[in-house]
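These notes concern the structure reproduced below.
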Amino acid sequence: AQKVTQAQTEISVVEKEDVTLDCVYETRDTTYYLFWYKQPPSGELVFLIRRNSFDEQNEISGRYSWNFQKSTSSFNFTITASQVVDSAVYFCALSEANSGYALNFGKGTSLLVTP
Amino acid sequence: EAGVVQSPRYKIIEKKQPVAFWCNPISGHNTLYWYLQNLGQGPELLIRYENEEAVDDSQLPKDRFSAERLKGVDSTLKIQPAELGDSAVYLCASSDPRGTGELFFGEGSRLTVL
């Protein structure tokens with residue numbers, strides 16, 4: 001069963017628009033971590049953020065913000081005032097204590113920001 | 001600090017040939033992972049090592065895939081014989097058990113099987 005669902009396969013926005021990438025997860029563990037990674041065309045996976053299951057505080061880092069809601073098992077990612085350099089594939093991932101914290105990735109959302 | 005190093009970056013082989021990928025994790029990272037990423041998909045775990053022990057290889061197709069991490073540092077992933085469907089990117093990652101669970105990924109090895 002898919003543990004991480006990213007329903008949006010592709011999103012296209014015009015520069016300076018805000019965009020939200022959705023992530024829904026499934027787990028029975030009480031201790032788990034949620035991640036977002038960025039994969040630009042170069043291919044390397046770049047870590048963006050990690051949240052643990054006990055910390056539901058939303059986080060903001062520059063133009064990036066994350067909304068973690070355990071009640072809906074969601075961990076959504078918003079880019080404010082998008083830029084062309086934000087174009088990439090974004091992956092949401094879950095790691096659970098009972099799997100040694102190996103990352104379980106969603107299928108990714110491809111974001112295209114056009115000038 | 002050097003990141004996770006993988007080689008080769010690109011490999012093109014004919015089907016039924018063998019191929020091997022090498023990974024050098026970040027110094028001090030005891031946990032090493034091999035992931036497979038098919039085009040348009042998220043990475044999928046193949047095998048996880050804690051030091052030299054493979055603690056999770058349930059997703060590794062053992063009929064043709066093998067991996068080793070003899071001294072608990074570098075690791076090699078081998079495919080023999082390769083099939084057309086093995087064309088993908090093979091990603092290596094490592095993590096620090098004292099850390100926050102963050103995985104650090106290498107640039108990957110892109111395999112094309114003709």
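Just so you know, all these numbers are worked out from the coordinates, no wet-lab data involved. Just so you know, these numbers come straight off a predicted model, no measurement behind them. Neighbour counts are summed over all protein chains in view; Cβ atoms, including those assigned to glycine, are modelled from backbone coordinates with ideal geometry.
Could you tell me the convex hull volume per residue, in Å³, taken over the Cα atoms of the protein assembly as shown?
Values: hull volume 29.7 nm³, N = 229.
About 130 Å³ per residue, rounded to a whole number.
Once you charge only the Cβ atoms, +1 for Lys and Arg and -1 for Asp and Glu, what is the size of the charge dipole of chain B about its Cα centre, to the nearest 20 debye?
Values: 12 positive and 16 negative charges, 82 e Å.
Computed about the Cα centre, the dipole is about 400 debye.
In the neighborhood of A:Glu59, defined by Cβ-to-Cβ distances under 13 Å, what is the net charge if each Lys or Arg adds +1 and each Asp or Glu adds -1? Before the final figure, lay out the partial values.
Details: positive: A:Arg50, A:Arg51, A:Arg63; negative: A:Asp55, A:Glu56.
Charge balance near A:Glu59 sits at +1.
How many Cβ atoms of partner chains, on average, are near each residue of A:95-104 if near means within 10 Å of its Cβ?
6
Can you bin every Cα-Cα distance in region B:16-114 into 5 Å intervals starting at zero and give me the percent of pairs per bin, rounded to whole numbers?
Reading the bins upward from 0: 3, 14, 25, 26, 18, 9, 4, 1, 0.
Could you work out how far apart the two model spin labels at A:Asp29 and A:Thr80 are, taking each label as a point 7 Å from the Cα in the direction of the beta carbon, and quote it in nm?
Output for this residue pair reads 3.2 nm.
Can you give the convex hull volume of the alpha carbon atoms of region B:1-51 per residue, in Å³? Can you show the working numbers first?
On the way: hull volume 5.9 nm³, N = 51.
Per-residue hull volume (Cα only) is 115 Å³.
What does the charge dipole of the protein assembly as shown about its Cα centre add up to, to the nearest 20 debye, if the Cβ of each Lys and Arg holds +1 and the Cβ of each Asp and Glu holds -1?
Dipole of the protein assembly as shown, to the nearest 20 debye: 400 debye.
Using only the Cα atoms of chain A, what do you get for the radius of gyration and for Dmax, in Å?
13.7, 44
What average number of partner chain Cβ atoms lie no more than 10 Å from the Cβ of the residues making up B:33-40?
Values: counts 4, 0, 4, 0, 6, 0, 0, 5.
If you average over the peptide's residues, the count of other-chain Cβ atoms is 2.
So how strong a dipole does chain A carry about its Cα centre when Lys and Arg Cβ are +1 and Asp and Glu Cβ are -1, to the nearest 20 debye?
180 debye
Using a simple spin-label model with points 7 Å from Cα along the Cα→Cβ vector, what separation in nm is obtained for B:Lys71 and A:Ile60?
Computed distance between label sites B:Lys71 and A:Ile60 equals 5.0 nm.
State the answer as a single residue: which of A:Val14, A:Trp36, A:Ile79 lies farthest towards the positive end of the charge dipole of region A:1-92, with beta carbon charges of +1 for Lys and Arg and -1 for Asp and Glu, about the Cα centre.
A:Trp36
Please compute the average number of Cβ atoms from other chains found within 10 Å of each residue's Cβ in peptide B:102-109.
Working: counts 9, 10, 2, 8, 3, 4, 5, 0.
The mean count of partner-chain Cβ atoms within 10 Å per residue comes to 5.
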